[in-house]
1. Which of the numbered conditions does residue 690 fail, given that it passes all the others? Conditions: (1) under 24 Å from the mean Cα position of the chain (by Cα); (2) outside any loop (DSSP other than H, G, I, E, B).
2. For the stretch 539-567, how many residues are under 28 Å from the mean Cα position of the chain (by Cα) and surrounded by fewer than 18 Cβ atoms within 10 Å (Cβ to Cβ)?
3. Can you tell me how many residues in the stretch 522-556 are in contact (Cβ under 8 Å) with a residue 60 or more places away in the chain and either farther than 29 Å from residue 450 by Cα or in a helix (DSSP H, G or I) (or both)?
4. Taking the stated definitions as given, is residue 287 surrounded by fewer than 19 Cβ atoms within 10 Å (Cβ to Cβ) and not in a loop (DSSP other than H, G, I, E, B)?
5. When you look at residue 690, is it surrounded by 20 or more Cβ atoms within 10 Å (Cβ to Cβ), more than 30 Å from residue 429 (Cβ to Cβ) and at pLDDT 95 or above, yes or no?
6. Exactly one of (1) under 17 Å from residue 678 (Cα atoms); (2) part of a loop (DSSP other than H, G, I, E, B); (3) over 31 Å from the mean Cα position of the chain (by Cα); (4) touching a residue at least 12 places away in the same chain (Cβ under 8 Å) is unmet by residue 387. Its number?
7. Picking from 31, 58, which residue would you name as being modelled with pLDDT of 60 or more and either over 42 Å from the mean Cα position of the chain (by Cα) or over 30 Å from residue 231 (Cα atoms) (or both)?
């Protein structure tokens, strides 16, 4: 009998120990790689995460990100303590006691499986991290068992190589909180518009509640379910002493109170600059720089680069506000002006053939046309699709609107909007402080600061005058206001007129260079061009950093060349920077994900004029604002400090410009239609002083009002060696001229040679 009882005991022990022995054997075999390899030490110590590249402003504000996963890592000491407490209380109460695998929790889990009761999950935070770091594929049940064993082993190894705090940070950095929020830093920004170290208890609890099942507890789709889960998390915090019952009773009644801000590349400050950096600058930079971790070129979407721009976030905000405010008002005037005339949105005098050519070219450039070609459709079938109404969302001054239009009509509709480009930079450093490439990046992605080139009109004239000043002319040098002709290579004569033509009451009178530039007199500009010739002018502007193609023909003196905003601003900044051109710079440095500086960017410079000659040019250009075509800065914008500048308007009012210079900032604005056939009919609204100058005025009014920016209204510094006999106050010569001045006198009736 005793022998029989002994057998029973042995069998009972075998039955009891068999699962343990089997599990132990499987774990041992798994650990030595019998069922497949495990991550090596390098993979555990340096886990591969896709990290977003972050773009910072000069004052350390995040402008935006580039990512395949919107993840930015943070350290444990940057985490809100309620996040940590909530995670421990909910997912792994014994987190600080076990070594990756919690035997007690596993025992409860197995007991629950056998008895049918819910004894809680057995996975620790470290095991969950192992699962996230090395995701499961589609597995059979036996494979799933082996995979679970592997995760136990990985978890214990993680505990060997990382501290508890590091594991906690790794977990919260790795977790996908949905809605393009990978990692806790992105999640707190997107759901609550907060940083991960400044959360309220209920906010931390909501995020941790998502860890159980983010799809089910998605606060955007399932608010009530998510709120219930949040309260469960806070109740767990009460259970483990992280939250008082009294406080819980009040917090559980609160709504989720989301401040949901999904990140979009079209949103945020400086979207045009960010897109230019992504698509042009970084694309080229990454091709030339190898990431030592991957031995491949840096990937801006995965390698966690840190891009430090020179942009000042406050100035950028003011620039975007100035553009929005002015372009809203200007567009209303433009619509009212042209909707009563034929050919809208094109000018009344544009021919039907020209309009047809413009529209056909736009159709062929469209994504709809390219998609049709990829599908193998014929040209006629694709064109027919442009005349069938479809539902679409379009931009308007009041925000996006849902409507039904034919694609053909939508193209015409979008052409009706005036576009703009605005940029401001420090003349002494070359640092770009504000960059606005258009009116709305979501709907109009073409950048009008760096990419677009448009005719510059009379904003080109200061470069011509600079030749005269460089050769010793003073601002008060007088020239007869008479037509000047220049002989062309084909034997013809080029004799442009002033816009007022032969009826100008100032024709034939002697005019100072300062007054001529202030009122944009063509006769005087052509006279200077005749003295030095196109080659000298082109050589000068090339030294001023203008890389746009400029033909060596006389008409360039009146602004027929196509140049972009950034080059025009930088060239004019040379006058403020004591005659030294400095290359505009919008990125100061690039760091890797660990903060190691990969490259610093120092702008190139070149001394073009002497300090004295540059100062004389400043005084010459001050006349534009003090009593010329830029005087609206005084009368309408009440900017009374020293400002130099130049307005510009091209033929038929297709382009309006204003470049303005102050001792600490130089900025420029361009306004015009996407097509040159879209423009104001009247010079009153269509000149640069009406189209572009107000953006400059509004921007500087905001900048000066912000005392924290510390941008002074001081005078341009006078050089010590300036000739004391040099005349710069020319009022005694010009007092009886241009009493009715205020509008621009730009090139018109130009004949291209």
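1. With (1) under 24 Å from the mean Cα position of the chain (by Cα); (2) outside any loop (DSSP other than H, G, I, E, B) applied to residue 690, the lone miss is (1).
2. Counting residues in the stretch 539-567 that are under 28 Å from the mean Cα position of the chain (by Cα) and surrounded by fewer than 18 Cβ atoms within 10 Å (Cβ to Cβ) gives 4.
3. 14
4. Yes, satisfied.
5. Judged against the criteria, residue 690 is a match.
6. Result: residue 387 fails condition (1) only.
7. 58
So that you can scan it fast, the table gives a plain yes or no per residue for (1) on the phi > 0 side of the Ramachandran plot; (2) in the same structural domain as residue 724 (by TED's automatic domain parsing); (3) over 36 Å from the mean Cα position of the chain (by Cα):
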| position | (1), (2), (3) |
| --- | --- |
| 442 | no, no, no |
| 447 | no, no, no |
| 461 | no, yes, no |
| 466 | no, yes, no |
| 470 | no, yes, yes |
| 473 | no, yes, yes |
| 478 | no, yes, yes |
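The values are calculated or read from the model by the stated rules, or taken from the named source; none is laboratory data. This structure is a prediction, so every number in the text was calculated from the model and none was measured. Every residue, glycine as well, gets a Cβ built from its backbone with ideal geometry; the counts of neighbours run over all protein chains shown.
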